[in-house]
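Worksheet for the structure shown next.
The values are calculated or read from the model by the stated rules, or taken from the named source; none is laboratory data. The model shown is predicted, which means the values in this text are computed figures rather than measured ones. Cβ atoms come from the backbone with ideal geometry, glycine included; neighbour counts cover every protein chain shown. Surface areas here come from the heavy atoms of the whole protein model, side chains and all, with no ligands, DNA or RNA. Shrake-Rupley method; radii C 1.70, N 1.55, O 1.52, S 1.80 Å.
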Amino acid sequence: MNRCRAISLLLNLFQSFFRRPQFLLGLICVAPFAWAGPNEARLNIYNWSDYIAKDTIAGFEKQAGIKVRYDVYDSADTLQAKLLTGRSGYDVVTPTSNYAGRLRAADIFEPLDKSKLPNLKHLDPQLMAIVAGADPGNRYFVPWAYGTTGLGYNVTKVRQVLGADVALDSWDILFKPEYVSKLKSCGVSMLDAPDQLFAAALHYLGKAPDSTNPDDYRQALQLLKRIRPYITQFNSSGYINDLVGGDICFAFGWSGDVVIAGRRAREAKKDYQIQYFIPQSGAPIWFDVMAIPKDAPHKEAALKWINYIETPQVHAAITNQVYYPSANMLAKQYLDPLVANDPAIYPSPEMIKKLFLLKPLPPETARLMTRLWTEFKTGF
């Protein structure tokens, strides 16, 4: 007897207590996620949008015999709210390192059973040492992908405005009004991400990017206020299409996004070049990491997923699709050579030493940064 028929018989016994028992039966039978038992062959994943290869899920389902429910989000705050509320129903989530570190401190995640993750042997020790800044001992997190935050250009237009000799791999382009003011005419885009911009500004000022000194943040705000008149938009996703369409010529953005914009511009046969630069002095690096919530209903399936993702060929397919690299060393041999050899995607070991991880900030520092960010955006 199947589940729905059994429930139907039970509901008939309570006909007098329900005006529409068949309606309740319909809800039960079409909501397998809510009624799934902990031992059923299923897996519930919550990840950033547009962040997976076309055949990743199908490959796992075929290999593991486990059905995947795959949901997406586009804001770290959305994920954090679900996890802090509890009983999210997800088995694997993918927070960014600074949010992940904060959630780890709140005892949200299950320690990893590494005996069931043999593919962790493929992870780059240098990168895992950086991840340990948010996860001491690498006990809870396995990198999904990583990237940097830096400078994206319509190089053709910017060279026309600033000249051929200006170094595009310098924070000066963003933080010196004499440069960024000239780019306003062709469009300047800023990530709507205070943690990213304040970290970059603090670094530019010679301060610790993860400073907790309120005076450092106030000095950073004064730096940012000088460039505020020249920012034409705040955008954390649409700037990709704006670069491709020629609506902006400069973006403070994420590495993979700008690389995607460059690819789309080439495919559309645009007469300009879009390129991403990591400033030579250093830049923020961040990791989106796989983690298992403590209340995950299918922890064994979650471990199988994480180990599957760390299969070199699987992770290479994801990087080839989204242009964000993995920490999987062996995956590089399966990449498109144009991806594997692009320093905008895979920074050199020398550059990695200059990058700084975004770490969780104390609540009082985070609140101050949020308040100053509002002041910066509104221009007051």
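Observations on the model:
- In this simple spin-label approximation, Ala167 and Arg263 carry label points 7 Å from Cα along the Cα→Cβ vector, and these lie 3.0 nm apart.
- Peptides ranked, highest mean first, by Cβ atoms within 10 Å: ranges 71-80, 292-301: 292-301, 71-80
- Antiparallel %, DSSP beta bridges [both residues in the chain], to 5: 55 percent
- In the context of the full set of protein chains, the chain has a per residue accessible area of 46 Å² (1.4 Å probe).
- In the chain, the longest principal axis of the Cα atoms and the axis of helix 194-204 are about 30 degrees apart.
- Against the rule of thumb 2.2 N^0.38 Å, how large the Cα Rg of the stretch 283-328 comes out: 1.34
- Heavy-atom surface analysis with a 1.4 Å probe gives the chain a carbon and sulfur content of 52 percent of its accessible area.
- Here Thr374 and Lys184 are evaluated by their C-beta separation; at R0 = 22 Å the FRET efficiency comes out at 0.50.
- Axis angle, to the nearest 10 degrees, between helix 214-227 and the longest C-alpha principal axis of the chain: 70 degrees.
- Lysine pair count for the stretch 147-255 [Cα-Cα under 16 Å; pairs on different chains or 8 or more apart]: 5
- Charged-residue dipole, Cβ positions (Lys, Arg, Asp, Glu), the chain about Cα centre, Debye nearest 20: 740 debye
- Global geometry of the stretch 58-118, whether rounded, prolate or oblate, following the gyration tensor of its Cα atoms and the 1.5 cut on a/c: oblate
- Between helix 363-378 and the chain: long-axis angle, C-alpha atoms, 0 to 90°, nearest 10: 60 degrees
- Computed E for Asn213/Ala81 - FRET, C-beta separation, R0 45 angstrom, nearest 0.05: 0.95
- Rounded to the nearest 500, the helix-only mean residue ellipticity at 222 nm of the chain stands at -12500 deg cm²/dmol, with each DSSP H run of n ≥ 4 adding -39,500 (n - 2.57).
- Averaging Cα coordinates gives a centre for the stretch 211-237 and one for the stretch 242-275; these two points are 24 Å apart.
- Rounded to whole Å, the principal axis extents of the Cα atoms in the chain read 80, 48, 43, largest first.
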